[in-house]
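Heads up: the structure comes next, in structure tokens.
The values are calculated or read from the model by the stated rules, or taken from the named source; none is laboratory data. Since this is a predicted model, take the numbers as computed values, not measurements. FYI the Cβ positions are ideal-geometry reconstructions off the backbone, even for glycines, and counts take in every protein chain you see.
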Ligand code: FES
């Protein structure tokens with residue numbers, strides 16, 4: 001292969017790699033990007049049909065929603081971060097104990113996000129973020145802070 005031909009081939013290859021990297025980076029979502037489900041990066045919405053009974057829960061876009069009272073008012077629901085502050089374990093609402101519990105190491109939290117018990121086996125969990133809620137029709141919207 002001649003030097004000129006080699007350099008031309010190398011230039012085309014580099015251009016393709018750079019273009020691919022650029023397109024891949026442009027396609028990734030950042031923290032401030034709008035959420036495709038809601039159109040607002042700070043807000044996450046769910047339909048309350050997924051939270052029909054007291055104790056029911058659902059997770060969407062990093063938010064754990066759960067129902068703590070009957071009736072369709074924002075105060076009937078709570079929304080917190082969905083992942084544990086210890087090591088990102090999945091959090092679940094446990095109605096019978098009135099606690100949020102981590103599925104990974106068992107840390108528990110009150111519905112206000114305060115730590116009730118630390119992870120089994122050591123480590124430290126911090127308080128959870130609890131998000132403001134708005135109910136419009138059947139759409140329950142948490143505003144992430
Ligand atoms: S990840 Fe939740 S207690 Fe460890």
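Among the residues of segment 75-94, count how many are over 17 Å from residue 129 (Cα atoms) and surrounded by fewer than 15 Cβ atoms within 10 Å (Cβ to Cβ). I'd like the intermediate steps shown before the answer.
To start, the set of residues in segment 75-94 that are over 17 Å from residue 129 (Cα atoms) comprises 76, 94.
Going one step further and asking which of them are surrounded by fewer than 15 Cβ atoms within 10 Å (Cβ to Cβ), we end up with 94.
The total comes to 1.
Residue-wise test of (1) over 17 Å from residue 51 (Cα atoms); (2) more than 8 Å from the ligand (Cβ to nearest atom); (3) assigned to a loop (DSSP other than H, G, I, E, B).
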{"position": "85", "(1), (2), (3)": "yes, no, yes"}
{"position": "88", "(1), (2), (3)": "yes, no, yes"}
{"position": "106", "(1), (2), (3)": "yes, no, yes"}
{"position": "111", "(1), (2), (3)": "no, yes, yes"}
{"position": "119", "(1), (2), (3)": "yes, no, yes"}
{"position": "124", "(1), (2), (3)": "yes, yes, yes"}
{"position": "127", "(1), (2), (3)": "yes, yes, yes"}
{"position": "134", "(1), (2), (3)": "no, yes, no"}
{"position": "140", "(1), (2), (3)": "no, yes, no"}
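Does residue 95 satisfy being within 12 Å of the ligand (Cβ to nearest atom), without any contact (Cβ under 8 Å) to a residue 60 or more places away in the chain and within 27 Å of residue 49 (Cα to Cα)?
no
Within segment 68-76, can one find any residue that is under 23 Å from the mean Cα position of the chain (by Cα) and at pLDDT below 50?
No, segment 68-76 contains no residue that is under 23 Å from the mean Cα position of the chain (by Cα) and at pLDDT below 50.
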